[in-house]
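Novice: Take this structure, written in structure tokens, and hold onto it; I'll ask about it next.
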Protein chains: 2
Amino acid sequence: MADLGGQSQASFKSGGLSRIQEKNRSLILEAALGEFSMKGFSGATVERIAADAGMSKSNLLYYFSSKEAIYNATLAHILEVWLAPLKTLNPDGEPAQELAAYIRQKIEMSARFPEASRLFANEVMQGAPQILPILQTDLKRLVAEKSQVIEDWIAAGKMRSVDPVHLIFTIWATTQHYADFSVQIKALTGKDLSDADFQAETETAVTTLILNGVGLSLPTEGGSAA
Amino acid sequence: MADLGGQSQASFKSGGLSRIQEKNRSLILEAALGEFSMKGFSGATVERIAADAGMSKSNLLYYFSSKEAIYNATLAHILEVWLAPLKTLNPDGEPAQELAAYIRQKIEMSARFPEASRLFANEVMQGAPQILPILQTDLKRLVAEKSQVIEDWIAAGKMRSVDPVHLIFTIWATTQHYADFSVQIKALTGKDLSDADFQAETETAVTTLILNGVGLSLPTEGGSAA
DNA sequence: TTGCATCTTGACCATTTGGTCAAATCCCTC
DNA sequence: GAGGGATTTGACCAAATGGTCAAGATGCAA
């Protein structure tokens, strides 16, 4: 995968990081995710991230050479896991099952890692200054590949003819919306994805709408009868 | 509507603003929208906004008492127009027509005012520090009202049973996604909503998917035959 | 034209903030 | 337990930035 920089400052033994480095880098990345996702790149301060990570600013800068380096590391850290679900779309599976599983995974991600979603959204909205190359190469390749899968399903008469790219965008948009706009959603409904019932309800609503939208439906799970 | 502050500094005659005030305020708000939507509240600088508006920082601060005041004014300025389309959902119309018209308007907004969309998204993602009260009152009321309209359509057997709130969220999510993530969309497809063809294609794809999703379809426009 | 309010600006200030550095402390190996 | 590298920190610095202020320029009514 096209890289973002990664390893930056502190020396390390041939194999990997020392015990202390391992722990501190992890603490920093966690704190950084919280700050960057909440305040954006400019709004977050190194001092605050350091405090959240339980160390001095100087020490943080011993592990990451600059604010931008922390930001890039954070982004790289979440990017892989964030795009992972799409990779699981299986060409040999049934469209309804596969799409439903994908949507479920994406909603699960929004529920468990809303900060990651917001960080990603923030980065892209600012013009993707750090990850544009990745979008243009790795992500583009992945989307093209999975679009072909959907095209094949359509060609095989397994689902209604839709533009695969717009379908993917729609799934991204809807699922990530529940993380990125959770404050608005909470203001309007009184709940958000941190509520298990609301998550289930959202999953049903979104899945049903999109599957119906492409002319599919999920077998009712209750009965074993066809 | 719950207010955000509005009028702040410069004196004004009984009726309204002077010619010069009118012009400068407008220039400032336009410049501010550009900066805030691109860099976020913290990332934007007063100096830069002033430069974009063609005046000195001092002069800008003559019209707006603080950076936050500019931000609030910008937000207030776009909020009304941003939420307007939902208000046009007509209880007496046909669901398919009404929803399609709403989606078309939202995509049109995303195409024409992507900065407004991003500014709004930014504000909400940061926890809606300025507009939370508005979301909790005005927007909540509006959503409740239009949800009832959809409920009524469902009760009348005019469309499939879906949760109206999730339907509204889905429409917001998909349509705004094309503005907020336009950089990503351009990286993946080579186009964005600034391309008229792509806008038309998007409108068709999204409308078709959502209408089908709720068990509706639009009469084919070409022929007069049923 | 004159007088006054409006408008505009450069100089300036206090604070915040990213980043440096040398000194101190900790941890591990031999 | 001594030596040396790894880790940690406070003091410090320079740049950026939001905001103030007094003085000057401009527009307008009488």
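The values are calculated or read from the model by the stated rules, or taken from the named source; none is laboratory data. Note that the structure is a prediction, hence the values are computed from the model and not measured. Note that we place each Cβ from the backbone using ideal geometry, even for glycine, and neighbour counts take in every protein chain shown.
Novice: Right, B:Lys67: within 16 Å of DNA strand D (Cβ to nearest atom), surrounded by 17 or more Cβ atoms within 10 Å (Cβ to Cβ) and more than 16 Å from the chain's Cα centre (by Cα) or not?
Specialist: yes
Novice: Still on this model: Is it the case that B:Glu123 is out of contact with any Lys or Arg (no Cβ under 6 Å at 6 or more places or on another chain) and buried (at least 16 other Cβ atoms within 10 Å of the Cβ)?
Specialist: yes
Novice: Continuing with the same structure: In segment A:56-69, which residues are in a helix (DSSP H, G or I), of a type outside the set (D, E, K, R) and near DNA strand C (Cβ under 8 Å from one of its atoms)?
Specialist: A:Ser58, A:Leu61, A:Tyr62, A:Ala69
Novice: Taking into account only those residues within segment A:12-42 that are near DNA strand C (Cβ under 8 Å from one of its atoms) and either within 27 Å of B:Gly43 (Cβ to Cβ) or not in a loop (DSSP other than H, G, I, E, B) (or both), which is modelled with the highest pLDDT?
Specialist: This residue is A:Ser42.
Novice: Quick one: A:Arg48 ticks every box in (1) surrounded by fewer than 18 Cβ atoms within 10 Å (Cβ to Cβ); (2) within 14 Å of DNA strand D (Cβ to nearest atom) except a single one, so which number is it?
Specialist: Unmet condition: (2).
Novice: With the structure loaded, tell me whether B:Gly213 is of a type outside the set (S, T, N, Q) and surrounded by fewer than 16 Cβ atoms within 10 Å (Cβ to Cβ) or whether it fails that test.
Specialist: Answer is no for this residue.
Novice: Restricting to segment B:89-104, name every residue that is part of a helix (DSSP H, G or I), closer than 20 Å to B:Ala144 by Cβ and of a type outside the set (Asp, Glu).
Specialist: Result: B:Pro95, B:Leu99, B:Tyr102.
Novice: If you don't mind, there's one more thing I want to ask. If we keep just the residues of segment A:26-43 that are without any contact (Cβ under 8 Å) to a residue 40 or more places away in the chain and buried (at least 22 other Cβ atoms within 10 Å of the Cβ), which is nearest to DNA strand D (Cβ to nearest atom)? Before the answer, list the steps.
Specialist: Of the residues in segment A:26-43, the ones without any contact (Cβ under 8 Å) to a residue 40 or more places away in the chain are A:26-27, A:30-31, A:35, A:39, A:42-43.
Still in the running and buried (at least 22 other Cβ atoms within 10 Å of the Cβ): A:31, A:35.
Details: A:Ala31: 13, A:Glu35: 17 Å.
Residue satisfying both the conditions and the ranking: A:Ala31.
Novice: Looking at segment B:188-205 only, could you name the residues that are under 19 Å from the mean Cα position of the chain (by Cα) and buried (at least 16 other Cβ atoms within 10 Å of the Cβ)?
Specialist: B:Asp192, B:Leu193, B:Gln199, B:Thr202, B:Glu203
Novice: Could you say which residue among B:Leu135, B:Leu86 is in contact (Cβ under 8 Å) with a residue 40 or more places away in the chain and in a helix (DSSP H, G or I)?
Specialist: Residue meeting the stated conditions: B:Leu86.
Novice: Right, something else. So, in segment B:172-187, exactly how many residues are over 18 Å from A:Asn122 (Cβ atoms) and buried (at least 22 other Cβ atoms within 10 Å of the Cβ)?
Specialist: The first filter runs over segment B:172-187 and keeps only residues over 18 Å from A:Asn122 (Cβ atoms), leaving B:172, B:174-175.
Right, trim to buried (at least 22 other Cβ atoms within 10 Å of the Cβ) and you get B:174-175.
Number satisfying all stated conditions: 2.
Novice: Among the residues of segment A:123-138, which ones are at negative phi and within 8 Å of chain B (Cβ to nearest Cβ)?
Specialist: Residues satisfying the conditions are A:Val124, A:Met125, A:Gln126, A:Leu132, A:Leu135, A:Gln136.
Novice: OK, next. Going by the conditions given, is B:Lys57 charged (D, E, K, R), closer than 22 Å to B:Leu17 by Cβ and without any contact (Cβ under 8 Å) to a residue 12 or more places away in the chain? Show your work before the answer.
Specialist: On the way: charged (D, E, K, R): yes; closer than 22 Å to B:Leu17 by Cβ: yes; without any contact (Cβ under 8 Å) to a residue 12 or more places away in the chain: yes.
When the stated conditions are applied, B:Lys57 passes them.
Novice: Here's a follow-up. Look through segment B:43-53, keep the residues that are more than 8 Å from DNA strand C (Cβ to nearest atom) and of a type outside the set (D, E, K, R), and return whichever of them is farthest from the chain's Cα centre (by Cα).
Specialist: Checked segment B:43-53; the qualifying residue farthest from the chain's Cα centre (by Cα) is B:Ala51.
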